[in-house]
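The values are calculated or read from the model by the stated rules, or taken from the named source; none is laboratory data. All values derive from a computational prediction rather than experimental measurement. For neighbour counting, all protein chains shown are included, and Cβ atoms are generated from backbone atoms with ideal geometry for every residue, glycine included.
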Amino acid sequence: MTPEEFPQALLRAESHEDARAIARLSGVERHDTVVVLGSGLAGALESWGEPRARFPLSAIPGVLEPQADGHVDEVRSYRRAGRDVLVALGRTHLYEGASASRVTSFVRAAAASGASRAVLCNANGCLRDWALGDVMAIEDHLNFSGHSPFDGTVFLDPRDTWDPALTDVVAGVCQRRGVYAILRGPEYQTRAETRWLASTGADCVGMSTVMEALTLRALGVRVAGMSVVSDLSFAEASTDPSAVVEAAARAGETVRRGIEAVLAAA
């Protein structure tokens with residue numbers, strides 16, 4: 001299968017049905033930009049004011065209601081910087097028992113709706129000597145989840161999954177840039193796993209985003225990513241899920257500025 005054939009293989013009838021549902025629920029025929037906000041980031045765009053429309057993420061037929069702490073079952077539609085922006089306030093994860101296909105159903109619907117650029121955000125466990133609340137521009141990833149969003153002969157070259165120009169744009173706003181590693185979860189990593197992850201070249205680790213990014217790249221969508229340091233993986237204290245959400249929320253201003261920079265980019 002050639003890259004030109006990827007959209008036909010990945011955007012099956014259900015993706016187009018979901019795109020029609022988004023148009024009906026939002027009152028907007030096409031959205032050119034999609035944003036996915038991760039743990040604790042649901043309020044990052046509150047300063048944008050009231051959206052044109054809001055509706056449950058799970059109202060889209062092929063999309064599941066998010067279950068994780070800090071994720072909200074809501075989609076908003078904005079007109080911002082001359083762009084029609086579709087914003088999901090939560091996502092579904094592999095550890096919720098969903099297939100990679102279900103995890104990526106929202107972004108596939110967004111691509112079918114006309115999205116040509118995306119901003120994917122998440123919270124992470126940091127493997128470096130960084131500070132809580134720092135935001136990392138994702139410039140590459142390591143897929144340790146044991147999953148792929150593809151079935152069959154979708155031989156994607158993932159080297160430019162994270163669009164270099166858009167990565168530079170968000171890096172101009174973020175405190176850090178680096179490599180994000182995905183594990184399936186839901187458990188956090190052991191001390192030995194943390195040491196191993198740090199040795200692989202990963203700067204941060206989490207449980208999301210990579211399946212979405214690979215899918216969007218295969219569909220020809222330009223992808224930027226931001227990952228919020230919400231847990232220090234080498235800390236002696238045990239990871240507190242509520243503290244992860246709170247730390248991510250404090251980084252909302254940086255995330256907002258990064259999203260706005262992508263909207264303004266050529």
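Pairs linking a residue in segment 79-90 that is within 29 Å of Gln67 (Cα to Cα) to a residue that is among the aromatic types (Phe, Trp, Tyr), with Cβ atoms under 6 Å and 6 or more positions apart or on different chains, are Val85/Tyr78; Ala88/Phe106. Candidates Leu166, Leu127: the one that is over 16 Å from the mean Cα position of the chain (by Cα), surrounded by 17 or more Cβ atoms within 10 Å (Cβ to Cβ), closer than 25 Å to Ala202 by Cβ and not aromatic (Phe, Trp, Tyr) is Leu127. Evaluate segment 53-71: report whether one residue or more is aromatic (Phe, Trp, Tyr), under 30 Å from Val229 (Cβ atoms) and either surrounded by 17 or more Cβ atoms within 10 Å (Cβ to Cβ) or modelled with pLDDT under 95 (or both). No - not one qualifying residue is present in segment 53-71. For segment 135-157, indicate whether the set of residues that are part of a loop (DSSP other than H, G, I, E, B) and under 24 Å from Gly43 (Cβ atoms) is non-empty. Scanning segment 135-157, I find no residue that is part of a loop (DSSP other than H, G, I, E, B) and under 24 Å from Gly43 (Cβ atoms), so the answer is no. The residues in segment 1-33 that are out of contact with any Leu (no Cβ under 9 Å at 6 or more places or on another chain), closer than 17 Å to Phe55 by Cα and in a helix (DSSP H, G or I) can be counted, and the count is 7.
Yes/no matrix, rows are residues, columns are (1) in contact with a Phe, Trp or Tyr (Cβ under 6 Å, 6 or more places away or on another chain); (2) surrounded by 16 or more Cβ atoms within 10 Å (Cβ to Cβ):
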| residue | (1), (2) |
| --- | --- |
| Val170 | no, yes |
| Leu183 | yes, yes |
| Gly201 | no, no |
| Cys204 | yes, yes |
| Glu212 | no, yes |
| Arg222 | no, yes |
| Ser233 | no, yes |
| Ala251 | no, yes |
